[in-house]
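Heads up: the structure comes next, in structure tokens.
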Amino acid sequence: MANKPGIIHRIVTGSWNLVDQARRSLVNILFLIIIYVIIKSIFFADTASIPIGSALLIEPAGYIVEELDYVDPVDEILNEMSDQDNIEPQTLLKDLLTAIDKGRQDSRITSLVLNLGNLYGAAPSKLQDLAQAIQTFKTSGKPVYAFSEFYNQSQYYLAAQADEVYMDNLGTLFIEGYGRYKTYFKGALDKLGVNFHIFKVGTYKSAVEPFIRNNMSDAAKEANLHYLGDLWQSYTTDVAQARELKAEDINRYSNELLTNLSVPTTEPSSLAVDASLIDGLKSRIEMTTYLIEQIGSNHAGDDYKKMKHSEYLEIIKPTPLLTESKTDKVAIIVAKGTIHNGSQKPGAIGGQSTAKLIRTARLDDSVKALVLRVDSPGGSAYASEIIRREVLRTIAAGKPVVASMGSYAASGGYWISASADEIWASPTTITGAIGVFGMLPTFEKPLNQIGIYRDGVGTTKLTGAFDAGKPLRDDVGKAIQSSIENYYDRFITIVAEGRNMSKEDVNKVAQGRVWSGKAAQEIGLVDHLGGIQQAIDSAANKAGLVSFETKYIEQKLTESEQFIKQIFNSSIISPLRSSDKSEATAQFMMISPAVLMLNQISDSYKQLSLMNDPLNTYAHCLCTVN
């Protein structure tokens, strides 16, 4: 008789069988869901329509971006179908702009409703683009309504463009102004014994300061206040104009808010009404009732007649053609995020992957001009140069290239823009930061303190020169600094050639200093102020096009990724998703201070850990605005 298996063998075998059965069950369930969706979409799918007299509901979630960050489709599905929300929501700027513009021209759409409670924030340039779209919508004579229980600064900028602005009577309107605050690590690095060797060129190249200081330098404060002042002036001027107020009124409200809130009898919501920043106070239920009176009710009678912008875009999008139109095209390529070496997923810029997109436009006979939409604070200097070389090849092929700067086009973001035929920026674009730095940490002190030492021999002077466990040699430091200076000289040469300036003039406005788009135009770093549509029109004009189409050239998902997303984005499967997520509004990011601080430190570490330039040379401004 065979020996009976031991208890450990039986436990392991039983556990594995349980896991295997669970895996098989999950796969079978997913398979049945997919079959159900396919059959229902073929035989029972309803044709969506836009009811006459509907309001177009603009309800952005999370942050407004130029390009969505890549999320694995399976992770996205699991997130949607669970009670957890681990993926930070994002809304495409071009989707909002398209929906508003199409709604303006659509006779079935009679009004615009801005529900802004789920909007975390947006950079100033994106807010200006949306404000312009809303103002253009109003020229149709259709009313615009705005509502949120609370308003943060970004939410209110958009709400101010509406004909009528409402807030909950328990809400508060926060207009804080713009600031730039960073986390500084020098004290901690000193205690740990880590030597951060910094190599840089530029008086204002403050990106390295967190590793060599415990506070912001006077030079950095000077430069930061200059461009932040430009951004704040734009904000107060735009809001005041929309509300028929003065910029001083916006400043007064912000500066006096804490004092006014210190009075025990003060109702925060009444401060916004008294300052004429909002038109009235309504709860969500009261707002719904009011909109039913103004717009009309849905079939059930429990809500106003509306069409969400995402659903609206699905209905009005053109039917895909089996063959692409041969009409001349202006291609648009979005370069969004930090610039890394190699290939990157959407939401980040890869030297190779972004260059490949530009090369696709260059080799496409139907593409006659290219708009490079840059929304980047920079990154790898080497990767930036790879992208710029492809821009030059496109120009050499006879296709004009126009750079359109979004929220950021600084350091490496400016590097890849500098050689374009023309540069457009928003007045609130953060640009410039023409400077280069390198960082090399060594860990000999903490290692030595616990009795660990590095030693050995090599065949050349270069062998072991970059060993992070040993002190940095003087000759290595001198060589790195010389390399950084050469890169800086190359950077200002590129700018001088692209902008038809002398190197001396470029150097005066470079030095790593950050400028607003408005100031950048004044000093010659930008040609024109305007949004992406103006850049597209200019590119078409340069190519001699009278009639043309626009074409976004983007990184494509794999066939399996596309299939999964199409299946689970289907409205047929929506009942299977976790419900009411959209009702859990962000409301000006009520995050605990402890979590907020940890997030800030984590972001700083993440930026450092992702730096992968082969020469450890970076053109990055680290210039986020709070």
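Read the figures in this text as sums done on the coordinates, not as results from a lab. All values derive from a computational prediction rather than experimental measurement. Cβ atoms come from the backbone with ideal geometry, glycine included; neighbour counts cover every protein chain shown.
Each other residue within a Cβ distance under 12 Å of ARG490 adds +1 if Lys or Arg and -1 if Asp or Glu, for a net charge of -2. The length gained on full extension between ASP455 and GLU485, counted as 0.36 nm times the residue separation minus their Cα-Cα distance, comes to 7.7 nm.
Between GLN534 and THR183, the FRET efficiency estimated from the beta carbon spacing at R0 = 41 angstrom works out to 0.65.
Checked against a 19 Å cut-off, the cross-linked pairs LYS399/LYS551; LYS94/LYS317; LYS126/LYS356; LYS326/LYS356 give Cα-Cα distances beyond that limit for LYS126/LYS356; LYS326/LYS356. Segment 501-538 to segment 355-393: how many Å between their Cα centroids? After rounding, the separation between the Cα centres reads 19 Å. Counting only DSSP beta bridges whose two residues both lie in segment 263-386, roughly 10 percent are antiparallel. A cut-off under 13 angstrom between Cβ atoms defines the neighbours of THR428, and their net charge, with Lys, Arg +1 and Asp, Glu -1, is -2. Find the centroid of the Cα atoms in segment 106-121 and in segment 151-223, then give the distance between the two in whole Å. A separation of 30 Å, based on Cα centres.
When GLU286, GLU244, GLU390 are sorted by how many other C-beta atoms sit within 10 angstrom of their C-beta, beginning with the fewest, the order is GLU244, GLU286, GLU390. For LYS508, a cut-off of 24 angstrom between C-alpha atoms picks up these lysines, skipping any fewer than 8 places away in its own chain: LYS200, LYS205, LYS221, LYS518. Charge tally around LEU257: other residues with Cβ under 14 Å, Lys/Arg +1 each, Asp/Glu -1 each, net -4. Figure legend: label point modelled 7 angstrom from the Cα of ASP101 along Cα→Cβ; residues of segment 507-533 with amide N under 11 Å from it are 532-533. First measure r as the distance between the Cβ atoms of GLU314 and LYS556, then evaluate 1/(1 + (r/R0)^6) with R0 = 22 Å and state the FRET efficiency to the nearest 0.05. Taking R0 as 22 Å, the efficiency between GLU314 and LYS556 is 0.65.
Ignoring aspartates and glutamates fewer than eight residues from LYS142 along the same chain, the ones with Cα atoms less than 16 angstrom from its Cα are ASP101, ASP106, ASP163, GLU164, GLU293. Straight-line reach from LYS368: taking Cα to Cα under 19 Å and skipping same-chain neighbours fewer than 8 places apart, the aspartates and glutamates in range are GLU324, ASP328, GLU390, ASP421, GLU422, ASP537, GLU549, GLU554. What shape does segment 203-280 have by the C-alpha gyration tensor, where a ≥ b ≥ c are the square roots of the eigenvalues, rounded means a/c under 1.5, and otherwise prolate means a/b greater than b/c and oblate the rest? Taking the square roots of the gyration eigenvalues as a ≥ b ≥ c, segment 203-280 is oblate. Gain on full extension, evaluated as 0.36 nm per residue between GLN241 and ASN214 minus their Cα-Cα distance, stands at 5.7 nm.
For GLU504 and ARG24, the difference between the fully extended length at 0.36 nm per residue and the C-alpha to C-alpha distance is 166.0 nm.
How high is the FRET efficiency between THR360 and GLU549 when r is their beta carbon distance and R₀ equals 22 Å, given to the nearest 0.05? Efficiency for this residue pair is about 0.85. With each label modelled as a point 7 angstrom along the Cα→C-beta vector, the ASN255-LYS221 pair spans 1.9 nm.
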